[in-house]
Every structure is written in structure tokens, then in C-alpha cells.
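The values are calculated or read from the model by the stated rules, or taken from the named source; none is laboratory data. The structure displayed is predicted, hence computed values, not measured ones. Note: ideal-geometry Cβ built from the backbone for every residue, glycine included; neighbour counts use all protein chains shown. Only protein heavy atoms, including side chains, enter the accessible area calculation; ligands, DNA and RNA are left aside. Shrake-Rupley method; radii C 1.70, N 1.55, O 1.52, S 1.80 Å.
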Amino acid sequence: LFIVPIFLVQGHAVLNPLTRLADTLQAFGNGIPNGRRIGWKRRDEFGVVASTIDQMLDAIDGEHQALVRRNEHMRALLAASPDLIIVIDRDGNLTDITNHSNGPLVGLFPSLKVGDNIRQSERVPTEAIDSFLRRSAEVLETGRTQIFEAAIRREQGGLSWVEFRMARLADNRVLVMIRDMTARHLAQHERARIEEKMSQLQKTE
């Protein structure tokens, strides 16, 4: 007669906090806890477990906040960059794009948006796109960065010289930084023209 109540009391003492602990953890849901804690002050084994869980949540919150700060810094750097930055997969599908609406490359690729294939780019010759995709495949295969330049015809006429920098990402995609080099090419052309003119004047003298 004495044993049965003792078992009932012990079972209640174990199952009741265990049930509360399970219910509390389920209430947290999925994702980052955002400061939620169990906060038990018990001195038994359940208190140790709850305290350990709270310490883990503290560490997760700290890592989450640090990640948010790093992402904010990265977004600021990308927004300040004059480069057009895109990410493509192995098939040439555009999975991300940055600085599409500002900077010197505005209007150069007006038809491209996330989800499109790079082959849908207007005013870019097919052979240039084929070369672009070959270099992208080489980046994925070798992991080596590719840097090259190409001339692209603008909608309003004239050519733009563009530098492409390709690097492989960890998820088997390619990051492409596109920089307008037209001003540099025009400056080099003008310098060559002036040097040629000076050379002709020297010959005339």
C-alpha cells in the first residue's frame, strides 16, 4: 500500500517537469529563438538541462546577430559598388542580381531578371554568350577565377567595353562582377591618337 503512492508521486515529479520542458521547447517553434528562454531556477537534473538549453540559445542568438551585422555590411558594400553583380548556375540561369537599377551599367542588360537564362540577354551576340558560358563552366570545373573583357553594343548606339570577373561559389554557382571599362578604353584610344599625331609632327619637322 505504501509503495503505490510512492511510485505515483515519483512519476508525477518526473513526468510533470518533463512535459513542461517539452511543451516549452515546442512553443519556441522553428528558426532563431529571438531571445526566448526557459528560465527555470530548479536545482535538479531538469534545471541543469534547462540551463544548458538556455546557454545554447544565447550562443545561437549571438551568432545570429553577428550574421545580421555581416549581411548589413555586405549589402552596403554591394550597394556602393559601381559593378553589376550577378550569380548564375551551371546552365546559365540568373539566380541573383545586384545594382541593376543604378551605376554606370544602367540599361546595359535591361531585359535580364532573376529566373532568366543568360542567353535571353538582348543585343549580345550569340558567340559572345557562348564564350561567356564556356568560361563559366571552366570556373566551375577548375575553381580558378576568370577575368576577361568584351564589347557590348548599347541600345542607344555605340560600344561599351565591359570587364567580367568570374569566381566559383561554394554552392556550385558562379559569381560574376561586371565593370564598365569604356572610359578607360576611350582614354587609351585618345592617348594613342595624340601619340600618333605627335609622331607625325616630329616627322614633318
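Annotation: extensible slack from Glu163 through Arg37 equals 40.3 nm (criterion: 0.36 nm per residue apart, minus Cα-Cα distance). Using a probe radius of 1.4 angstrom, the carbon and sulfur fraction of the accessible surface of region 124-205 is 51%.
For region 181-193, the Karplus equation 6.51 cos²θ - 1.76 cosθ + 1.60, evaluated at θ = phi - 60°, returns couplings of 10, 4, 4, 5, 5, 5, 5, 5, 5, 5, 5, 5, 5 Hz by residue, with Gly and Pro reported as x.
Think of a 1.4 Å ball rolled over the protein heavy atoms: region 130-179 then has 57 Å² of accessible area per residue.
The modelled label-to-label distance between Met198 and Arg153, using points 7 Å beyond Cα along the C-beta direction, is 3.6 nm. Our coupling estimate for region 59-64, obtained by passing each phi through the Karplus curve with A = 6.51, B = -1.76, C = 1.60 and θ = phi - 60°, is 5, 5, 4, x, 5, 5 Hz, Gly and Pro reported as x. Straight-line reach from Lys197: taking Cα to Cα under 19 Å and skipping same-chain neighbours fewer than 8 places apart, the aspartates and glutamates in range are Glu205. Applying 1/(1 + (r/R0)^6) with R0 = 41 Å to the Cβ-Cβ distance of Phe28 and Asn117 gives a FRET efficiency near 0.50.
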